[in-house]
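Just below is one structure, and these are the notes that go with it.
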Amino acid sequence: MSHRKFEAPRHGSLGFLPRKRSRSHRGRIKSFPKDDPSKACHLTAFLSYKAGMTHVVRDVDKPGSKVHKKEVVDAVTVLETPPMVIVGIVGYVETPRGLRTLNTVFAQHLNDEVIRRFYKNWHLSKKKAFKKYAGTMYGEGGDYQANIDMIMKHCTVVRVIAHSQMRKLNLRQKKADIVEIQVNGGSVSDKVDFGTGLFEKTVNVKDVFDKD
């Protein structure tokens, strides 16, 4: 901005600085809805991918506005939501410094899509991730029930680990995106039973969000 003749206010918001490339294309969930134990157990988030944009014509219901009871055109985003697969559960305990992970339990069988996420180079890897884990956790004398009981006894927040199904998307990416989704409603034992009951099962967006 050298050799400027006149002064002028800066352009653009400083709230978006520094402008740099994102570390990850997958967005973060910074907060979940407040838990209400009186409601039934349910998931609070869902993975989606931007498919494009379009526009809608809608009626405005805003008394006092100039466009009240008039039609306006709004830009809208189209999202693609392939079914997610639940592959794990995480228990958190409350500490003076915030939530801390106490225990994580994964399902017995994991898809290649999610195992790819644990390797930098899938082609050169031995593809043995979680093979020993399944034996020690679910084999004879395994630790599965002990870990589940520990989550039920000590944890206050329960989240499930879910991954997307990349083969159902028209993308080149083969590694599944993994996300933690909080389970709200019911007691802690209800949450754990709800989460483990979804192991290796698919969840559709209509199971999480109602229409309109």
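Considering each of Asp35, Asp59, Asp112 in turn, give the residue that is surrounded by 10 or more Cβ atoms within 10 Å (Cβ to Cβ), acidic (Asp, Glu) and not assigned by TED's automatic domain parsing to the domain that holds Glu140. Talk me through it step by step, then tell me what you get.
On the way: Asp35 fails: not assigned by TED's automatic domain parsing to the domain that holds Glu140; Asp112 fails: not assigned by TED's automatic domain parsing to the domain that holds Glu140.
Selected residue: Asp59, the only one of Asp35, Asp59, Asp112 that is surrounded by 10 or more Cβ atoms within 10 Å (Cβ to Cβ), acidic (Asp, Glu) and not assigned by TED's automatic domain parsing to the domain that holds Glu140.
From the list Gly15, Gly91, pick out the single residue that is of a type outside the set (D, E, K, R) and assigned by TED's automatic domain parsing to the domain that holds Val160. Reasoning before the result, please.
Details: Gly15 fails: assigned by TED's automatic domain parsing to the domain that holds Val160.
Selected residue: Gly91, the only one of Gly15, Gly91 that is of a type outside the set (D, E, K, R) and assigned by TED's automatic domain parsing to the domain that holds Val160.
Within region 155-168, track down each residue that is surrounded by 14 or more Cβ atoms within 10 Å (Cβ to Cβ) and either over 26 Å from Phe46 (Cβ atoms) or not hydroxyl-bearing (Ser, Thr, Tyr) (or both). Talk me through it step by step, then tell me what you get.
Taking region 155-168 and keeping what is surrounded by 14 or more Cβ atoms within 10 Å (Cβ to Cβ), we get 155, 157-166.
Result: Cys155, Val157, Val158, Arg159, Val160, Ile161, Ala162, His163, Gln165, Met166.
Run Thr202 past the list (1) modelled with pLDDT of 95 or more; (2) farther than 28 Å from Asp112 by Cβ and report the number of the one that doesn't hold.
Condition (2) is where Thr202 drops out.
Please go through region 169-212 and give me each residue that is outside any loop (DSSP other than H, G, I, E, B) and surrounded by fewer than 13 Cβ atoms within 10 Å (Cβ to Cβ), ordered by number. Talk me through it step by step, then tell me what you get.
Step one: filter region 169-212 for residues outside any loop (DSSP other than H, G, I, E, B), giving 178-184, 188-197, 199, 202-203, 205-207.
Across region 169-212, the qualifying residues are Gly197, Lys206.
Quick check on Val78: is it without any contact (Cβ under 8 Å) to a residue 60 or more places away in the chain and touching an Asp or Glu at 6+ places or on another chain (Cβ under 9 Å)? Quick ask: steps written out before the conclusion?
Details: without any contact (Cβ under 8 Å) to a residue 60 or more places away in the chain: yes; touching an Asp or Glu at 6+ places or on another chain (Cβ under 9 Å): no.
No; evaluated as a whole, the condition is false for this residue.
Looking for whichever is closer than 30 Å to Asn147 by Cβ and surrounded by 10 or more Cβ atoms within 10 Å (Cβ to Cβ) here; the options are Pro96, Pro82. Which one fits? I'd like the intermediate steps shown before the answer.
Details: Pro96 fails: surrounded by 10 or more Cβ atoms within 10 Å (Cβ to Cβ).
After ruling out the rest, the residue left standing is Pro82.
If Gly52 passes every condition in (1) exposed (fewer than 10 other Cβ atoms within 10 Å of the Cβ); (2) modelled with pLDDT of 95 or more; (3) farther than 30 Å from Val183 by Cα but one, which one does it miss?
Status for Gly52: all satisfied but (3).
Report every pair of residues separated by at least 6 positions or lying on different chains whose Cβ atoms are under 9 Å apart, first residue within region 98-111 and closer than 12 Å to Ala129 by Cα, second among the polar types (S, T, N, Q).
Sorted first by the residue in region 98-111, then by its partner, the pairs are Asn111/Gln165.
Please determine whether any residue of region 194-212 is free of Cβ contacts under 8 Å to residues at least 40 places away in the same chain, over 19 Å from Ala40 (Cα atoms) and outside the structural domain of Glu94 (by TED's automatic domain parsing). Spell out how you get there, then give the answer.
Just the residues of region 194-212 that are free of Cβ contacts under 8 Å to residues at least 40 places away in the same chain, to begin with: 197, 206, 210-212.
Okay, now just the ones that are also over 19 Å from Ala40 (Cα atoms), so 212.
Then drop every residue that is not outside the structural domain of Glu94 (by TED's automatic domain parsing), which leaves 212.
Within region 194-212, one or more residues are free of Cβ contacts under 8 Å to residues at least 40 places away in the same chain, over 19 Å from Ala40 (Cα atoms) and outside the structural domain of Glu94 (by TED's automatic domain parsing).
Exactly one condition in (1) outside the structural domain of Tyr138 (by TED's automatic domain parsing); (2) at pLDDT 95 or above is not met by Pro96; state its number.
All conditions pass for Pro96, except number (1).
The values are calculated or read from the model by the stated rules, or taken from the named source; none is laboratory data. Values in this document were obtained by computation on a predicted structure and should not be read as measured data. Cβ coordinates were reconstructed from backbone atoms using ideal geometry, including for glycine residues, and neighbour counts include every protein chain displayed.
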